[in-house]
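These notes concern the structure reproduced below.
Just so it is clear, none of the values below were taken in a lab; they were calculated from the coordinates. All values derive from a computational prediction rather than experimental measurement. Don't worry about glycine lacking a Cβ; one is built from the backbone with ideal geometry, like all the others, and counts go over all protein chains shown.
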């Protein structure tokens, strides 16, 4: 059975997507890292889904739903860098803003929905969203006030959703696409 996760895309990442004209396009790749600046997708497996979220003015948006197809560096990634000046994934330069230059970045190939910034998570769903850790302990989103997310700290990272929350986000994305 596949799992679902969330990852927070920062203002810088989303601004870079807009500037590069990637809105409406499907990312073929995302990146996992070994440092908190680029969350590790190490608990995810092929077939799992990842919901890229963005917080703007206290509203949470689903930017893309990505199904992991492969977690290995492929021919499409281009040649591995030989010096620190070489691009890490020249085959995916168009999507490098998703973390290609992050500490220990690794390519995660995905089948994704188009990048968009107009799929808000309803305010009444925010307090119901639940994540679970490897030991099965669950937690909810903190800092939700009157259907608005006042602080995004509890979204920062790569976290496994409960099946109920994954289903709720899937219905939201499916209704909007």
* How big is D for the range 76-167, in µm² s⁻¹ as a whole number, if Stokes-Einstein is applied with the Kirkwood radius of its Cα pairs at 10 °C and 1.306 mPa s? -> 97 µm²/s
* Between residue 26 and residue 145, take the C-beta separation as r, use R0 = 35 Å, and let me know the FRET efficiency to the nearest 0.05. => 0.55
* Expressed as a whole percent, how much of the Cα-Cα distance distribution for the chain exceeds 20 Å? -> 51 percent
* To do: Compute the normalised compactness of the range 43-103: alpha-carbon radius of gyration over 2.2 N^0.38 Å, N being the residue count.
  => 1.37
* Based on the Cβ-Cβ distance of residue 45 and residue 84, what FRET efficiency does E = 1/(1 + (r/R0)^6) give at R0 = 35 Å, to the nearest 0.05? -> 0.70
* To do: Based solely on C-alpha atoms, express the radius of gyration and the Dmax of the range 1-74 in angstrom.
  => 12.7, 38
* Length released on extending from residue 111 to residue 134, taking residue separation times 0.36 nm less the Cα-Cα span -> 5.8 nm
* Asked: Using 7 Å Cα-to-Cβ label points, what is the residue 153/residue 72 separation (nm, one decimal)?
  -> 4.1 nm
* **Angle in degrees between helix 163-176 and the longest Cα principal axis of the chain, rounded to the nearest 10** => 80 degrees
* Which value in deg cm²/dmol, rounded to the nearest 500, describes the helix-derived mean residue ellipticity at 222 nm for the chain, given -39,500 (n - 2.57) per DSSP H run of n ≥ 4 and division by the residue count? -> -4000 deg cm²/dmol
